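J.: This is the structure I have questions about; it appears just below.
The values are calculated or read from the model by the stated rules, or taken from the named source; none is laboratory data. Given the structure is predicted, the values throughout are model-derived calculations rather than measurements. Here the Cβ positions follow ideal geometry from the backbone for every residue, glycine too, while neighbour counts run over all protein chains shown.
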Amino acid sequence: MKTPFSPLYLFGFILLIGFLIAFIQVGALTIAFEKLGLSQHSAILLLFSSLFGSAINLPLFSVSAEAAPLDQVPERLRGLLQQAMKEFKGRTLIVINVGGALIPVAFSFYLMQHHPLPLDQVLIATALVAAVCHAFSRPIAGIGIGMPIFIAPLTAAIVALLINSEQSAPLAYICGTLGVLIGADLLRLGNIRRMGVPIASIGGAGTFDGIFLTGIVAVLLA
C-alpha cells in the first residue's frame, strides 16, 4: 500500500499546486488585459513579447562603484553578495531590461494614445506614485534596490481611482509602470555607486518582477 507521502503522491501534489498557480496567474492576466481593452491576440502577443524580452538586458553605461562592506548587508543575503563580489571589479554596468522595462513603458504610451486620459492626470498620478516608490525603496548593499512588492500597485490603484475612476485601469497601469521606473529606478541611480553590484538592471529581474508586475496588479486592483 502506498502512503500519502510516497514520492508519487508528493510529485502529483506539487504538479497540482503548480497547475493551480499557473491557472490563477493566467486568469488574473486575462482579466487585467480585458480591463485594458486588449483583444486575446494582442494580450498573448504582449505577454510572450514580455516573457522573451525579460531575458534581454541592453547595456547603457557603466559607473565606478565601491565594494559593499559585509556588515552593511543583511545576514540572509550575504550568500548572494559573495557570489556577486566574485564578478565585481570596481564598476557597475547599468542595463535596461526589455521585458521588465522597455515593453511596459511602450505599452503605457500605447494606452495613453487609445484611452481618453488627459496628460495632466497622467503626470500627476505618475508623480504621486514615483514619490511613494522613492520613499519606500531602499538601496541594499551588494544586492540592489529593494521595495515592498505591493507598495507600488496599491498606490497606483488608489491614485488612479481618485483621479479618474472611469479610466482607472489604464491610468493605474501607466502611473504604476512609470512611477516605479522613475521613483525606484531612475531616482535611485545615485545609490548604485555605493552598493558594490556588478550589474544594475532597470526593470528589476524581468517580466514578473518590478515594473511589469506592478502594472498588472495595479490594473486588477483599480
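J.: Against the definition (at pLDDT 70 or above, surrounded by 14 or more Cβ atoms within 10 Å (Cβ to Cβ) and hydroxyl-bearing (Ser, Thr, Tyr)), how does Ser49 come out, yes or no?
T.: Values: at pLDDT 70 or above: yes; surrounded by 14 or more Cβ atoms within 10 Å (Cβ to Cβ): yes; hydroxyl-bearing (Ser, Thr, Tyr): yes.
Yes.
J.: Among the residues that make up the range 145-156, is at least one of them outside any helix (DSSP H, G or I), among the aliphatic types (A, V, I, L, M), buried (at least 20 other Cβ atoms within 10 Å of the Cβ) and touching a Pro at 6+ places or on another chain (Cβ under 9 Å)?
T.: Among the residues of the range 145-156, at least one is outside any helix (DSSP H, G or I), among the aliphatic types (A, V, I, L, M), buried (at least 20 other Cβ atoms within 10 Å of the Cβ) and touching a Pro at 6+ places or on another chain (Cβ under 9 Å), which makes the answer yes.
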